[in-house]
Amino acid sequence: MDYALIVILQLVVTIANLALISAGLAVIFGMMRIINMAHGEFLMLGGYAALVSHQAGLNLWLAIFVAAPVTVGLIGAVLERLVIRRLYGRMIDTMLATWGVSLALVGVVTVIFGNRVSGISPPLGSVPIGGYAIGLYELLTAGVTSLLFLGGWFVLRRTPVGLIARGAMQNRDMAAALGVDPAKVYATTFVTGAAISGLAGALIAPITGVAPSIGAVYIAKAFITVISGGTAILTGALSASALLGSVNTAFSFVMTPVLGEVALLAAAVLLLRVLPQGITGRFFRRSL
């Protein structure tokens with residue numbers, strides 16, 4: 001019984017982590033069709049923003065929930081203004097440009113912090129379950145991820161802001177004819193995706209630590225999850241996270257965590273072979 005409970009809780013945490021690191025990319029790629037190769041670095045910057053602000057004396061929770069998303073959101077605003085705005089509609093060009101941005105960010109962070117792993121001690125401790133234990137902070141992260149996706153669904157489905165954003169992404173010219181400024185909508189969407197990525201990086205930092213090159217680890221899983229999910233922003237990320245997270249957890253417990261990562265990649269390849277348009281290309285077609 002205790003073993004089954006710890007497996008279930010670990011599964012929930014794994015799914016939540018996949019969804020969390022994919023959320024910002026899902027917003028930018030799902031709504032704007034921009035391949036943001038700097039997504040992993042946005043996550044990395046969020047971790048460093050929380051780390052530096054906490055070391056400077058800011059409360060840990062303020063560092064995670066305020067300093068990190070605001071900092072990365074501002075960086076995203078600058079990049080959107082200087083780089084991305086000139087490349088809308090040119091997917092390959094944006095991919096190459098953001099790849100260059102990612103290399104520049106890694107270089108700058110390495111110069112400032114050095115090529116070493118830094119970290120924040122996870123708060124809240126752990127809860128024992130029989131002969132096992134799971135960190136309360138990891139469960140908190142899963143709860144925050146759930147609230148983040150629920151909030152995203154509410155904004156996109158129930159508010160005028162979400163309606164305008166979805167309309168501008170679907171038909172830019174029609175939205176402009178109705179008085180909407182597509183450039184502002186695109187900029188706001190990109191900044192929002194960057195801020196969500198910053199929050200995700202800060203939330204994961206106490207669990208994984210932070211290093212200049214850690215974005216490469218994040219971006220592979222994020223892209224696999226978002227592409228496997230398909231066109232729906234929220235439902236796609238959640239459904240792919242659930243499927244791939246379940247595969248990863250099962251193989252990690254039965255075999256080793258390394259084989260769990262290999263199984264996750266193999267499952268994604270098989271899924272895209274069977275469903276080239278992703279999960280929501282076949283199912284949940286009217287979902288967000």
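Relative contact order of the stretch 111-186: 13 percent, from C-alpha pairs under 8 Å at least 6 residues apart in sequence. As a fraction of the 1.4 Å probe accessible area of the chain, surface on carbon and sulfur atoms comes out at 70 percent. Annotation: amide H of V210 within the under-5 Å range of S118, G119, sequence separation 5 or more or interchain, hydrogens built in the peptide plane.
Spin-label model, A4/S246: points 7 Å from Cα along the beta carbon direction are separated by 1.7 nm. Here the 3J(HN,Hα) profile of the stretch 255-262, calculated from phi with Karplus coefficients 6.51, -1.76 and 1.60 at θ = phi - 60°, is 10, 9, x, 5, 5, x, 5, 5 Hz, Gly and Pro shown as x.
Spread over its residues, the convex hull of the C-alpha atoms of the chain is 138 Å³ per residue. Using C-alpha pairs under 8 Å with a sequence gap of at least 6, the mean separation divided by the residue count of the stretch 2-215 gives a relative contact order of 44 percent. Classify the stretch 89-147 as rounded, prolate or oblate from the Cα gyration tensor: take a ≥ b ≥ c as the square roots of its eigenvalues, call it rounded if a/c is under 1.5, otherwise prolate when a/b beats b/c and oblate if not. Oblate, since a/c reaches 1.5 and b/c is not below a/b.
In terms of its alpha-carbon gyration tensor, the stretch 21-125 comes out prolate; a/c meets the 1.5 threshold, and the first ratio a/b outweighs b/c. Each residue of the stretch 78-94 was assigned a 3J(HN,Hα) from its phi angle through the Karplus curve 6.51 cos²θ - 1.76 cosθ + 1.60 (θ = phi - 60°); the sequence is 5, 5, 5, 5, 8, 10, 5, 4, 7, 10, 4, x, 10, 4, 5, 5, 5 Hz, with glycine and proline shown as x. For Y132, no residue 5 or more places off, or on another chain, has a built amide H under 5 Å of its own. Note: relative contact order over the stretch 185-288, using C-alpha pairs below 8 Å and six or more positions apart, is 27 percent. Taken one residue at a time, the phi angles of the stretch 232-240 give Karplus couplings (6.51, -1.76, 1.60, θ = phi - 60°) of 5, 5, 7, 4, x, 5, 5, 5, 5 Hz. Gly and Pro are set to x.
The alpha carbon gyration tensor of the stretch 54-100 gives principal lengths a ≥ b ≥ c with a/c of 1.5 or higher and a/b greater than b/c, which makes the shape prolate.
Counting only Cβ charges, +1 for Lys and Arg and -1 for Asp and Glu, the dipole size of the chain around its Cα centre is about 820 debye.
The values are calculated or read from the model by the stated rules, or taken from the named source; none is laboratory data. None of these values were measured; they are calculated from a predicted model. Cβ coordinates were reconstructed from backbone atoms using ideal geometry, including for glycine residues, and neighbour counts include every protein chain displayed. Surface accessibility is based on the protein's heavy atoms, side chains included, excluding ligands, DNA and RNA. Shrake-Rupley method; radii C 1.70, N 1.55, O 1.52, S 1.80 Å.
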